[in-house]
Structures are given as C-alpha cells and as structure tokens.
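I have placed the structure first, in the form of structure tokens, so that the comments after it can refer back to it.
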Amino acid sequence: MKGAKVLQVGPLSERFNRRLAEEYGAEPYWKQADGPAFLAEYGGTFEVLVTSARFGCSPAMLEALPSLRAICSFGVGYDAIPLEAVRRRGIPLSNTPEVLNECVADLAMGLLIDGARRIAEADRFVRAGQWRIGNFPLATRVSGKRLGIVGLGRIGQAVARRSSGFDMAVRYHNRRPVDGCSYGHEPSLVELARWADFLVLTCPGGPATHHLVDAEVLAALGPKGLLVNVARGSVVDEAALVAALADGRLGAAALDVFEQEPQVPAALLEMPNVVLLPHIGSATGETRLQMEELVIANLQAFIDKGELLTPV
Ligand code: 8YV
C-alpha cells in the first residue's frame, strides 16, 4: 500500500489540507475545474478517499473510482456516503467516533438552556436597547424537567449524563432498548414527545431516521415543548416544524442542523423562539484536532497494515 494514491473530496482545515497534501500526496478534488472530467481521466488511479460527514461521496464519484480500497471520513455521521454500494464493493469505511461526543453533548445542553431560558433572544434584546424600555419576558425553567432523548448512542448518553446535573428525568427512544441502561426506553416516539418537556435528537441521519420527527411528534411535544436538534436536519420534517412553530403547536426549537445546509428556512429567521446555529456541534479547536488525528491514524493504519482503526 506504500504510496497509495489519495483523493480528498472537499476542503477541511488549512492545517489538515496541508498535512494530507504534504504527507500523503492527497489530490484536492474540489480544486479541479471540471470534477467529472478529472475523475474520468484519473479516477482509476485513486486507492483511498478522504472525505467528511459534510462532503461524503456521491454514487457517481464512487463509480468513477474503480480502484478504491478504503474511505476515511472526518466526522462521526456517514449518511452522505452511499453505504450499500460501498459495502457491495467491500470497501472499508472509517469515521471519527468518540472524540466528538463531549463537544456535541455540550452544545446540545447549550442549545437546550438557550432555547428554554431564551439566552440568545435576551442578548438581542439588550443589544437593541430594549432593556431601557422594559423587562424581558419570563422564560422556562430548565432544572428538574423531563428530557426525552432520540437515539441513546454515545452522544445521547453524554447528553443524559449532563442532564443529571440539572436533576432531569430521562427517557429515550431507540429501535431497541440499550443493554444495561437505567433510563426508561419508550418504544413510541410520539409517547416520548408527549411525556417530555425537552426533546433532544442525537440519532444518526440516513434513510432509517428520515423525517422521524413529523407533525404528529411535534404536536405531541406541544405548545410548551422544546425541540433540540444536534443530529441531522433530515431527521426532522422541516416544513412541519416551521408550520408547528408558526401556529404555536410547538413552543420552541434550538437547531444546529438543517435539511439543506447551509440554507435555513426564511420563516425560522423571523421567529424569536428559535435558536439557529451553523452546524457547530464538533467545532472546537480541541475536538477538530482529535478528529484530524483520527483520520490520519486510520489512513496510516490502512497504508501500513491494510486495516482501518475505527471502521463503521
Ligand atoms: C462534521 C458532523 O464532521 O461528525 C459529524 O457527523 O456532522 C460534524 O462533526 C463536520 O461538520 C465536518 O463535516
């Protein structure tokens, strides 16, 4: 595998782009003026693809890489990679699990507190000089409330751990109960939403969870409920979310992810009871560095031993 030809789909940090180019000779796909023509000419030479949760790999790109032997992706989610075709061709795929759990869970709690206590809205209130005119309206208590978690995986469990500091009751919705888990498993997402004050989404994206949170779930969460999404925009029916917020069937939403990033529905921009973030769950200097190191460790392990370190 020495000198494996590496193709990098999209730009990551400047530091990481440089490292991949200098140490692995990675070819920057995004810099090609005509991507498909480039793949038609050179696609057959690449053996390893470096990509990310954001850039993924289109089915057409996969097809244009007939010599591909491994994919190393930056990020934990791999819903932007055509998994079935990858598996069919026996191409191993690595992601960057674990290292981002704490930062994504921290952000979920931040969004939850912001959504309930209206922190960003109160900040806008002060900046607009409105404090001199009157008091900011009352918000919603965080401590002691009911937290519903959709997808109690590694990140969901990190959110649950944090919530104990706020004396919250926790229940979760997964397809199957998690072994040895003391939180209550709720097989019906609608029932979980009905029970919860705050519903936090930490499940994977992809076809299995597409529009899992629909109009019925949002109505069950209710006019006092708060939806927090740090998972994928695709998990929520965004049109139904906008409608539920617009007519008060849902209380509030705090969102780090959207269906068509970086597009955010215009209606949400106008709503005071909505917190909007630009997909920054894992975006801290510390975590992004660890994610880069884990991509490199996978790449190097594949070059040295033909095996990935954290295959999915
Ligand atoms: C991305 C993410 O890695 O890990 C994931 O699944 O969504 C993020 O951490 C980041 O946006 C780069 O694609």
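Using a 1.4 angstrom probe with every protein chain in place, what is the largest-first accessible-area order of E47, E102, E41?
Listed by decreasing accessible area, they come as E41, E102, E47.
Out of the range 9-101, which trypsin sites (Lys or Arg not before Pro) are coil in DSSP terms and have no more than 11 other C-beta atoms within 10 Å?
Listed in order of number, the matching sites amount to none.
Per DSSP H run of n ≥ 4, the term is -39500 (n - 2.57); total these for the chain, divide by its residue number, and report the mean residue ellipticity at 222 nm rounded to 500 deg cm²/dmol.
That calculation yields -10500 deg cm²/dmol at 222 nm.
Using +1 on the beta carbon of Lys and Arg, -1 on that of Asp and Glu, and nothing else charged, what's the dipole of the range 101-276 about the Cα centre, debye to 20?
560 debye
Mean shadow of the chain, computed from the convex hull of its alpha carbons, in nm²?
17.9 nm²
To the nearest 20 debye, what is the magnitude of the charge dipole of the range 1-147 about its Cα centre, counting +1 on the Cβ of each Lys and Arg and -1 on the Cβ of each Asp and Glu?
Around 620 debye, computed over the range 1-147.
Indicate, rounded to the nearest 5 percent, the antiparallel portion of the DSSP beta bridges found entirely in the chain.
5 percent
Determine the relative contact order of the range 101-276: mean sequence separation of Cα pairs under 8 Å and six or more apart, normalised by residue count, in whole percent.
Value for the range 101-276: 21 percent.
Accessible surface of S58 in the full protein assembly, 1.4 angstrom probe, to the nearest 10 Å²?
60 Å²
Identify, among G10, N135, L192, the residue whose Cα sits farthest towards the positive end of the charge dipole of the chain, taking +1 on the Cβ of Lys and Arg and -1 on the Cβ of Asp and Glu, with the dipole about the Cα centre.
It is N135, whose Cα lies furthest towards the positive end.
Quick one: dipole size for the chain, taken about the Cα centre, charges +1 on Lys/Arg Cβ and -1 on Asp/Glu Cβ, in debye to the nearest 20.
Computed charge dipole of the chain: roughly 600 debye.
Run the numbers on the chain and let me know its relative contact order in percent, using alpha-carbon pairs under 8 Å that are six or more apart.
RCO, the chain: 17 percent.
Hey, how many Å between the Cα centroid of the range 186-221 and the Cα centroid of the range 118-147?
26 Å
If you roll a 1.4 Å probe over the heavy atoms of the protein chains, what accessible area per residue do you get for the chain, in Å²?
Accessible area per residue: 49 Å².
Helix by helix, which DSSP H runs in the chain go 20 Å or more along their axis at the Cα atoms and have an average Kyte-Doolittle hydropathy of -1.0 or more?
Helix filter hits for the chain: 101-117, 285-305.
Roughly what % antiparallel, to the nearest 5, for the DSSP beta bridges in the range 101-276?
Around 5 percent antiparallel, to the nearest 5.
Quick one: with all protein chains in place, what share of the accessible area of the chain is carbon or sulfur, to the nearest percent (1.4 Å probe)?
Result for the chain: 52 percent of the exposed heavy-atom area is carbon or sulfur.
The values are calculated or read from the model by the stated rules, or taken from the named source; none is laboratory data. Quantities reported herein were computed from a predicted structural model and do not represent experimental measurements. Please note: Cβ atoms are built from the backbone with ideal geometry, for glycine as well, and neighbour counts cover all protein chains shown. For the accessible areas, the whole protein counts, side chains as well, though only heavy atoms, and no ligand, DNA or RNA atoms are used. Shrake-Rupley method; radii C 1.70, N 1.55, O 1.52, S 1.80 Å.
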